[in-house]
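To start, the structure under review is shown below, and the notes come after it.
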Amino acid sequence: MDKEIALAVKYEDGRLFFLDQTLLPEKEVYVEITNETEAWTAIKRLVLRGAPAIGVGAAYALSVCADHLAMETVSAFCEEIHRIKEYLNCSRPTAVNLSWALNRMESRLHSSDKTTVAELKEVLRAEAKAIYEEDVRMCRKIGEAGQEIIKDKMGILTHCNAGALATSRYGTALSPIYVARENGLHVRVFADETRPLLQGSRLTAYELMKAGIDTTVITDSMAAVVMKKGWVDAVIVGADRIAANGDTANKIGTYGVALLAKAHHIPFYVACPYSTVDTKTPSGEDIVIEERAAEEVLCGMGKWTGPKGAKVFNPAFDVTPHALIAGIITEKGILRAPYDQSLRKLDCR
């Protein structure tokens, strides 16, 4: 499925590049990341976005930053790595994959038996590569697990972008669609526009069309009509953080889609790697929701569409209560309610 899809993160010969997704679909431009400030800014500005891709990109960024450090003592090196890790971790507070990947990198550093800075730099390179390769495998497994709910010629609605551009390959919410295509099934996708930054129209439609999948873009306000017409058989979305009880934070507008799906008796699924599950967060009420600049709402795509100085409420995410979710599709299978039990049981494996 990825023969024409641009990769969100590229690591080649010790150099790191992020695809600038703010320029899609008009341009495919890669920006090089050489230090923590560039990485932090790229993640904050949504040059790199999508929870799994952020985790992978941050892991590689920490490794690249490490390569540029000149410390000679292991203690000084580890102290600086911790500082950089904490700095990168504050770029996007809602996406749990970011902290998960960075903490894993630091833990691997401290568990290593290597005794020189040069050796520890290699440890970080290897761990970043391992996180990337695991993400590819996990996304493929999510797609395979999702075949349980995929039927030929079904209609699927998705919100935001949880495809190859949001991961290392395949995606999460879009992975079942790509795997179904490989298996000879045909599905049609309705991609919510996803305001205010239009990730659904700019990114999801872009990558699905490049992959040759039947795709229709709709504005966020059209989802109810499309469902009423009987064109949607299932909703599949991604996730940035899942609480211990199954409450799910995803791109703003997801909660509304879940309510519409319930009203029209359409199953609503969340697809994500298990690393997105935060068992230390009891419920959605405890998830920190990032709020972004007013200009994203008032000045979309460089043109003022609202009065300057207007009050704006611009949360990047909302939380869908677990009661609205028919299943959580992970690389370990589809989890069902009660999620506090199924998530805990999976966490013990």
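The Rg/Rh ratio of region 209-282, with Rg taken over Cα atoms and Rh as the Kirkwood radius over Cα pairs, comes to 1.02. Amide H contacts of Val277: Ile242, each under 5 Å away and 5 or more positions distant or on a separate chain (H built 1.01 Å from N in the peptide plane; Pro and chain starts excluded).
What the phi angles of region 188-204 give under the Karplus curve with 6.51, -1.76 and 1.60, with θ = phi - 60°, is a coupling list of 10, 10, 9, 9, 4, 4, 6, 6, x, 9, 6, 5, x, 7, 6, 10, 4 Hz, glycine and proline written as x.
This model, with +1 at the C-beta of Lys and Arg and -1 at the C-beta of Asp and Glu, gives region 1-92 a dipole about its Cα centre of some 380 debye.
Taking all protein chains as present, what is the carbon and sulfur share of the accessible area of the chain, in % to the nearest whole number, probe 1.4 Å?
Details: 7830 of 15000 Å².
Ligands and nucleic acids excluded, carbon and sulfur give 52 percent.
Across region 143-152, rounded Karplus estimates of 3J(HN,Hα) from the backbone phi angles (6.51 cos²θ - 1.76 cosθ + 1.60, θ = phi - 60°) give x, 5, 5, x, 5, 4, 10, 8, 10, 4 Hz, Gly and Pro being marked x.
Assuming a ≥ b ≥ c are the square roots of the Cα gyration tensor eigenvalues, decide whether region 88-188 counts as rounded (a/c under 1.5), prolate (otherwise, with a/b larger than b/c) or oblate. Could you put the intermediate results ahead of the total?
On the way: a/c = 3.98, a/b = 2.34, b/c = 1.70.
Taking the square roots of the gyration eigenvalues as a ≥ b ≥ c, region 88-188 is prolate.
Looking only at Cys65, Cys299, Cys139, which one moves most when the chain is put into a Gaussian network model with springs between Cα atoms under 10 Å? Top of the fluctuation ranking is Cys299.
Rolling a 1.4 angstrom probe over the protein heavy atoms, how many square angstrom per residue are accessible across region 1-112? Mind dumping the intermediate values first?
Values: 4750 Å² over 112 residues.
Roughly 42 Å² per residue, with all protein chains present.
Given a cut-off of 29 Å, what percent of all Cα-Cα pairs of the chain lie beyond it? Result for the distance tail: 37 percent. Which percentage, to the nearest 5, of the DSSP beta bridges contained in region 232-349 is antiparallel? Among the beta bridges of region 232-349, antiparallel pairing accounts for roughly 55 percent. Among Ser283, Ser75, Ser275, the largest mean-square fluctuation in a Gaussian network model of the chain, built with springs joining Cα atoms closer than 10 Å, belongs to Ser75.
Would you work out the relative contact order for region 254-349, in percent, from Cα pairs under 8 angstrom that are 6 or more residues apart?
Values: 93 pairs, mean separation 35.2, N = 96.
Worked out over region 254-349, it gives 37 percent.
Computed over the alpha-carbon pairs of region 35-97, the distance histogram in 10 Å steps reads 23, 54, 20, 4 percent, short to long. Over all Cα atoms in region 309-349, the spread is summed up by Rg and Dmax: 15.7, 52 Å. If you take the Cα centroid of region 139-167 and the Cα centroid of region 17-85, the two points sit 28 Å apart. What distance in nm separates the two pseudo spin-label positions at Glu72 and Asn183, each 7 Å out from Cα along the beta-carbon direction? Inter-label distance under the simple model: 6.0 nm.
The alpha carbons of region 154-303 give a radius of gyration and a Dmax of 15.2, 44 Å, in that order. Using only the Cα atoms of region 128-169, build the gyration tensor, take square roots of its eigenvalues as a ≥ b ≥ c, and label the shape rounded, prolate or oblate: rounded if a/c is under 1.5, else prolate if a/b is larger than b/c, else oblate. Judged from the Cα gyration tensor, region 128-169 comes out oblate (a/c at least 1.5, b/c at or above a/b).
Along region 122-137 the Karplus relation, 6.51 cos²θ - 1.76 cosθ + 1.60 evaluated at θ = phi - 60°, assigns HN-Hα couplings of 5, 4, 5, 4, 5, 6, 4, 5, 5, 5, 4, 5, 5, 5, 4, 5 Hz to successive residues, with x for each Gly and Pro. Mean-square fluctuations from a GNM of the chain, with a 10 angstrom spring cutoff on Cα atoms, peak among Arg83, Arg49, Arg125 at Arg83.
A 1.4 Å probe run over the protein chains yields, for region 151-237, 35 Å² of accessible area per residue, whole-number rounding.
Other residues with beta-carbon under 12 Å from the beta-carbon of Ser111 carry, at +1 per Lys or Arg and -1 per Asp or Glu, a net charge of 0.
In the distance distribution for region 3-145, Cα-Cα pairs more than 18 Å apart total 54 percent. Our summary gives the chain a relative contact order of 16 percent, counting only alpha carbon pairs under 8 angstrom and 6 or more residues apart.
Our summary gives region 159-245 a relative contact order of 31 percent, counting only alpha carbon pairs under 8 angstrom and 6 or more residues apart.
The values are calculated or read from the model by the stated rules, or taken from the named source; none is laboratory data. None of these values were measured; they are calculated from a predicted model. All Cβ positions, even for glycine, are placed from backbone atoms using ideal geometry, and neighbour counts span all protein chains on display. For the accessible areas, the whole protein counts, side chains as well, though only heavy atoms, and no ligand, DNA or RNA atoms are used. Shrake-Rupley method; radii C 1.70, N 1.55, O 1.52, S 1.80 Å.
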